[in-house]
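The values are calculated or read from the model by the stated rules, or taken from the named source; none is laboratory data. On a predicted model such as this, the values are computed, not experimentally measured, just so you know. In this analysis, Cβ positions are derived from the backbone assuming ideal geometry, glycine residues included, and neighbour counts consider all displayed protein chains.
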Amino acid sequence: MSDSAAASTIADERSAVARAPERISAAWAAGDGDAFAAACAEDATMILPGDVCLHGREEIRTFMTRAYTAQYKNTRVTGQPITMRFLGDDVSVLVTQGGVLLPGETEVAGERAIRATWVLVRKDGEWLISAYHNSPITAAGSTGPGGGDNA
């Protein structure tokens, strides 16, 4: 494979992986628990704020469908990739920064800002969420273990 073809393939893969958060954002904007769950592997795990630990696509679908009628009603979610790396041909780790947007907001409020880790797996040519976890971003000036930025 030529260098330009290899670079194109890598760019295509990176773009495909980066679409996972876009699928979640679109499902969230539509309040669609089915579309949200469809972005997840059958055996996916999601860890969310409030001691929420979800196991499997059906549990994720049920939780998100309910949440879109309660705490996430009329909200949107945003996340921008910070880092991405491939652990193999069909496994990638993506770190994003973003959070939940309340109606009328264009930027995530500090108290809802998060960094998230996504473990994505390619199944049947599609990148799906295998594991997801998010954590609040600490207030400006504070540090986590070891000091400095925890990115």
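Residues of the range 39-53 being more than 14 Å from the chain's Cα centre (by Cα) and modelled with pLDDT of 95 or more, which ones?
GLU42, ASP43, CYS53
Results for (1) touching a Cys at 6+ places or on another chain (Cβ under 9 Å); (2) of a type in the set (Asp, Glu); (3) without any contact (Cβ under 8 Å) to a residue 40 or more places away in the chain, shown as yes or no for each residue.
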position: ALA29; (1), (2), (3): no, no, no
position: ILE60; (1), (2), (3): yes, no, yes
position: MET64; (1), (2), (3): no, no, yes
position: THR75; (1), (2), (3): no, no, no
position: GLY79; (1), (2), (3): no, no, no
position: GLY88; (1), (2), (3): no, no, yes
position: LEU94; (1), (2), (3): no, no, no
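Identify all residues within the range 43-83 that are farther than 21 Å from ALA18 by Cα, surrounded by fewer than 16 Cβ atoms within 10 Å (Cβ to Cβ) and either in contact with a Ser or Thr (Cβ under 6 Å, 6 or more places away or on another chain) or aliphatic (A, V, I, L, M) (or both); write none if there are none.
Residues satisfying the conditions are VAL52, HIS55, ALA70.
Residues of the range 112-135 being over 18 Å from ASP43 (Cα atoms) and either basic (Lys, Arg) or without any contact (Cβ under 8 Å) to a residue 12 or more places away in the chain (or both), which ones?
ARG112, ARG115
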